[in-house]
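What follows draws every value from the coordinates through simple rules; no lab data is involved. Just so it is clear, the model here is predicted, and its values are computed rather than measured. So basically every Cβ, Gly included, is an ideal-geometry build from the backbone, and we count neighbours across all protein chains shown.
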Amino acid sequence: MGSHFDLADPRFAGALVALNFAQAMEKYEPTLGLEVHVELNTNSKMFCSCATEFGGSPNTQTCPVCLGLPGALPVVNAKAIESTILIGLALNCSIAPYSRFARKNYFYPDMPKNFQTSQYDEPICVNGYLDVEIDTDEGPAKFRIEIERVHMEEDTGKSLHVGGSTGRIHGAEYSLLDYNRAGIPLVEIVTKIVPGTGKYAPQVARAYVTELRDILRSLGVSDVKMEQGSLRCDANVSLAPMGSGKLGTRSETKNVNSLRSVERALFGEIERQANRLENGERVVQETRHFLEDTGLTRPGRSKEQAEDYRYFPEPDLVPVTPDAKWIEELRTKLPEKPSTRRKRLQTEWNVPDKEMTALINAELLDVVEETIALGAEPTRARTWWLGEISRLANEKEVEPTSLISSANLAEIIALIASGELTDKLARQVVEGVINGEGSPADVIAKRGLKVVSDDSALMVAIEAAIAAQPDTAERIRGGNIPAAGALIGAVMKATGGAADAAKVRELLLKHLGQA
Amino acid sequence: MSSIRLSAAEMGAALAKGEITSVELTNQHFDRIAEVDTAVHAFLHLDKEGALAQAKSVDAKRAAGEKLGPIAGVPLALKDVLTQKGIPTTCGSKMLEGWRPPYDSGVVTKLKDAGVVILGKTNMDEFAMGSSTENSAYGPTHNPWDLTRIPGGSGGGSSASLAAFEAPLAIGTDTGGSIRQPAAVTGTVGVKPTYGGVSRYGLVAFSSSLDQAGPCARTVLDTALLHEAIAGHDPRDSTSINSPVPQVVAAAKRLDVKGMKIGVVKEISGEGFQAGVRTRFEESLQLLVEAGAEIVEVSCPNFDYALAAYYLIAPSEASSNLARFDSMRYGIRVGDDGNRGAEEVMNLTRQVGFGREVKRRIILGTYALSSGYYDAYYGSAQKVRTLIKRDFEAAFTKADVLVSPTAPTTAFKIGEKSDDPLAMYLNDIATIPVNMAGIGGMSLPCGLAPEDGLPVGFQIMSPVMQDDLMYRVGGTLEAALNSKWGHTLISQIPDLQVR
Amino acid sequence: MAAISRDDVAHLARLARIEMSAEELDHMASELDVILGAVARVQEVAGQDVPPTSHPLPMTNIFRADVVKPSLTNEEALSGAPAKVEERFKVPQILGEAE
């Protein structure tokens, strides 16, 4: 990525120096901290029995509890506890034998009680880690991200800002509130500070959130859709001069709504902070908002004084003390780690690293596994998805998995394996299926795509090719087998790709005395 | 012939025998209310329509031969801090003026199931903060024994309604003595059950770890009947005890304390209390001895810190519980002229909607929880709570129940202490330790103070989940006192001078 | 020396979202000063080795099954609203940003 900073930009009027990311990373060391909020996919809310379904009519999934009506009381959702423990176990955390809810007190209209029932000094999971791998100049490198805590809390309502010039919050005339989302269970995962990532900080952050997302998905505890808000990331970063051994002042960036944004936001923040430091300015400890369109961050609401949350133990709820037996039962429920699964598949399929990375980055692992499960030969399954299907998908600007089903592709690959289709013919079948001409069998029938394997028909084409390239034929007779390729190619061309290439080769070599 | 002076048990029996209908009984009470409540001001809202509908329904069931509970069809006054669906619930505050909850509290559900007729909502100190009902935004309630005096607080409306014969049963809530102290100064009976014994779902929270709803009546047996009707597990309240309801009615009828050890708590046994209060307390101890109990002296030294700890814990929890009153979703809204932001409207609403005492406690609680002060104040208070619990546990190894005068004085004059918060807080000195430990506490009338002729209350404290013990002792003492006097105490209340 | 100053009260009033006039602040500060003086004695006995009590009864693990139950209707939910627009609560403009 190039630098976002343009010295001609009026914001930089008076700046003495402007650094781009690479330059910044030569002079400064970043320290990261990542907070991820996960919306659990329980049926009911964290502290009441209202439905959690997305997209309901406003204020139709509320009750005295999640509306914070006078006299209402919370009751903990057992499934939410279970999901949180599973998350903690999957992140190698210790599960606290004794944990408690606490009130986090602050005022905001989207918070019905003007306190959030959360956890403070007695969270349910502590001290875990997650290993991620990224590509560096020196090849793949591993980073261990340590996890400080995993705790439970509740989501807020949603506000709509009406009026004002931009419809955004500043200058709005009034706000409208929908509390359907208020009280939906949230799990917060907080890392310890992550030093030593250097210029790879943005990538490490992205890899962490990606791996976390994959783990959460495999646990089945959340939809983990960043675009829908069921997975949210706040990225913290601070810079210190290279080798200083100190920690700088950190900023927190919110509104990071995709994996790519995680990377871009940190890239932009590091550049911003480096440029402030270079120009003799302090980095202010503040919350900033990521702007999708520019990749920059802007300051959040400036608070006159830092909020004092006045945490105290929630008196309406009793402590949570999961017993060791239950925790072990949950541990047996843990699915295979995504990283373990990836290694296993790589070994099973015998795939080189570079191709494996390509598959993972293209998010084709699941569909390839599916296609193979339906009987397709592994190498072909991979090559087709990564190759032809991805190429077509790029052209049409859609996801590869939306073009064709794994079932249809598996069927086509099976026909190639049995010799009923050549690669070239198969491409036409794929095209036909994508165009909506029906199933592979339908397309083959409609378009009359058939491999020519009839010996006599092939011999006609072979003899024609020999006649056209007598010198090549002579070389083959002389023992130069590779030269056969040119003649085979000519036969394939003449038959419009319908010839069975292997059969052509067999017949040709036999004919030329090299069988 | 009006039945309003009967006990609830007697009314229940009369109803069961068909001597009177619930509709007749209910109307008699509304007539009484119309006659005296302008002077007493126990009620904030009357629900004639709902009450008569319930009365009619109970009468119909009885006529159809259904077996009904002992207080089915009996009227009741409900402290305005408990939600009743569609009925105004103000908590004595301007903040909730006109608010009608969309749901019933657990207590109300149980009352309706028991066939009890809820006449209306009673006056209280705003958000249950006070000991005199002078902090109500709707004006004070007047003690029926002497209309120039306070009826106690925060549940003065409920206790006054009983003393004025406007209802034979009432529900109160008790956080530091708000059922027991009003009972003491109005010559009625009030019980704070073991914490968790009665559902807090729908009880507008003041101090969540201390609040408890409880039964109030003119006799110990009536209180027991109401106690059994409202107690029990509620899955909507995570702090609700999941155990069978204590057999308090049987205990109240037992009339036997032979062999029981009654512990007098040195630190709240009356030193510094009004002389007449001490006199009546000691006379009652004597009666218990005559009934076969043994008096032992126990010391709970940490009780000296109970008041201080309470006035840190309760305001702290209150500051958080009352944060929801911000005008966004319900309640009054002040200053929304289109030019002000949400925060400013919140600030103005809370300035106008809350009274002085409530604001005082919110600020105090905010301070006690704030960064840098938590350990010294809230944190320390929670430790004192542990010490108080330990004192009780130790005391209960030496005695079956503990006793003390309920309040240090009889009913004081309206306005006498309202400018001195600390003096007001001292009214709860004997009742607060009970809430801190979560045990059960009862106040029953034990006489009139000689110097002013005003009621004195006797407090009985029982161990966690052994509420039956206080009813056993209370029932026995009440019978002994009535026998000694030749009449009940409440029968001696002067006729209300109604203007 | 006052335990709590007028400025302290002003800060607390801001935290608690309660508007207070200058007179109210002064009055509150002096009252609270007296009260704090009286309650501070909890520190005398709150030793290091005493655990705090948050819940009067030693209950743990009170949960409910993850089952959906009927919610309030939109009318019921909005029944107390000082202002509403269609199906939502209408509130004055929110100048800050969500946490």
With θ set to phi - 60°, apply the Karplus curve 6.51 cos²θ - 1.76 cosθ + 1.60 along segment B:238-243 and write out the HN-Hα couplings as whole Hz, x wherever there is a Gly or Pro.
5, 9, 7, 6, 9, 9
Please identify every one of the chymotrypsin sites (Phe, Trp or Tyr not before Pro) in segment B:157-225 that sits in a loop by DSSP and has no more than 14 other beta carbons within 10 Å of its own beta carbon.
none
Starting at the first residue of segment C:77-87, write each ³J(HN,Hα) from the Karplus equation 6.51 cos²θ - 1.76 cosθ + 1.60 with θ = phi - 60°, in whole Hz, x for Gly and Pro.
4, 8, 4, x, 4, x, 8, 8, 10, 6, 9
Under a crude label model (7 Å from the Cα following the beta-carbon direction), how far is B:ASP420 from B:ARG100 in nanometres?
4.5 nm
Once Lys and Arg get +1 and Asp and Glu get -1 on their Cβ, which of A:CYS66, A:TYR98, A:ALA407 lies farthest toward the positive end of the dipole of chain A?
A:TYR98
GluC sites (Glu not before Pro) restricted to segment B:19-96 and DSSP loop, no more than 16 other C-beta within 10 Å:
B:GLU19, B:GLU66
Under 19 Å between alpha carbons, and skipping anything fewer than 8 positions from A:LYS246 in its own chain: which lysines qualify?
A:LYS27, A:LYS192, A:LYS199
How high is the FRET efficiency between B:GLU297 and B:HIS487 when r is their beta carbon distance and R₀ equals 45 Å, given to the nearest 0.05?
0.90
For B:PHE458, residues with placed amide H under 5 Å, excluding near neighbours:
B:THR406, B:LEU444, B:CYS446
Listed peptides B:336-347, B:450-461, A:461-472 by packing density, highest first (mean Cβ within 10 Å)
B:450-461, B:336-347, A:461-472
Would you tally the net charge around A:THR321, using a Cβ to Cβ cut-off of less than 14 Å, leaving A:THR321 out, and scoring K and R as +1, D and E as -1?
0
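Per-residue mean of other chain beta-carbon atoms within 10 angstrom of the beta-carbon, peptide A:153-161? Could the numbers behind the result be given before it?
Values: counts 0, 0, 0, 2, 5, 2, 6, 2, 2.
Mean partner-chain Cβ count within 10 Å for A:153-161: 2.
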Could you work out how far apart the two model spin labels at A:THR379 and B:ALA39 are, taking each label as a point 7 Å from the Cα in the direction of the beta carbon, and quote it in nm?
10.6 nm
Rank by packing, highest mean first: peptides B:111-124, B:395-408, with packing defined as the count of other Cβ atoms within 10 Å averaged across residues.
B:111-124, B:395-408
Rounded to the nearest 0.05, what FRET efficiency do B:LYS413 and A:GLU286 have when you use their Cβ-Cβ distance and R0 = 41 Å?
0.15
11 Å cut-off, amide nitrogen to a point 7 angstrom out along A:ASP454 Cα→Cβ, residues in segment A:475-515
none
How far apart, in nanometres, would the label points at A:ASP135 and B:ALA13 be if each is projected 7 angstrom from Cα along the Cα-to-Cβ direction?
9.2 nm
For A:ASN59, which sequence-distant residues (separation of 5 or more, or a different chain) have an amide H within less than 5 Å of its own amide H, given hydrogens modelled in the peptide plane?
A:TYR179, A:ASN180
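Count neighbours as other Cβ atoms within 10 Å of each site's Cβ, and list the trypsin sites (Lys or Arg not before Pro) in segment B:1-90 that are DSSP loop with at most 11 such neighbours.
In loop regions of segment B:1-90 (DSSP not H, G, I, E or B), the sparsely surrounded trypsin sites (Lys or Arg not before Pro) are B:LYS67.
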Just add up the charged neighbours of A:ALA80: K/R +1, D/E -1, any other residue whose Cβ is under 14 Å from the Cβ of A:ALA80.
-4
Per the Cauchy relation, a quarter of the hull surface: what is the mean projected area of the convex hull of the alpha carbons in the protein assembly as shown, in nm²?
57.5 nm²
If the chain between C:SER79 and C:MET59 were fully stretched, how many nm would it gain, using 0.36 nm times the residue separation less the Cα-Cα distance?
3.6 nm
Going 7 Å from the Cα of B:ALA60 toward and past its Cβ, which residues in segment B:16-50 have a backbone nitrogen under 12 Å from where you end up?
none
How far, in nm, would the chain grow between A:GLU399 and A:ARG276 when pulled straight, counting 0.36 nm per residue and subtracting the alpha carbon separation?
40.3 nm
Backbone HN-Hα couplings from phi across segment B:413-425 [Karplus 6.51/-1.76/1.60, Hz, Gly and Pro as x]
6, 4, x, 5, 10, 5, 9, 10, x, 4, 4, 5, 4
In the structure displayed, which of A:LYS113/C:LYS84; A:LYS158/A:LYS225; B:LYS61/B:LYS121; B:LYS17/B:LYS484; A:LYS104/B:LYS359; A:LYS446/A:LYS493 lie more than 24 Å apart, Cα to Cα?
B:LYS61/B:LYS121; B:LYS17/B:LYS484
Given H placed on each backbone N at 1.01 Å, which residues far from B:ARG149 in sequence or on other chains put an amide H within less than 5 Å of it?
B:ASN143, B:ILE414
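Given only helices, namely DSSP H runs of n ≥ 4 each adding -39500 (n - 2.57), what is the per-residue ellipticity at 222 nm of chain B, to the nearest 500 deg cm²/dmol?
On the way: 16 runs with 193 residues, N = 499.
Computed ellipticity for chain B at 222 nm equals -12000 deg cm²/dmol.
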Determine the distance separating the Cα centre of segment A:102-125 from the Cα centre of segment B:274-349; give it in Å without decimals.
24 Å
Tell me, how many Å apart are the Cα centres for segment B:91-163 and for segment A:374-416?
73 Å
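Which order do the peptides A:225-235, B:325-335, B:168-178, A:289-299 take when ranked by the mean count of other beta-carbon atoms within 10 Å per residue, highest first? Intermediate values should be presented prior to the final figure.
On the way: A:225-235: 18.5, B:325-335: 24.3, B:168-178: 30.8, A:289-299: 15.4.
Going by the mean number of other Cβ atoms within 10 Å, highest first, we get B:168-178, B:325-335, A:225-235, A:289-299.
Given R₀ = 51 Å, what would the calculated FRET efficiency be for B:GLU393 paired with C:SER21, taking r from the Cβ atoms and rounding to 0.05? Can you show the working numbers first?
Working: r = 48 Å, r/R0 = 0.94.
For B:GLU393 and C:SER21, the calculated efficiency is 0.60.
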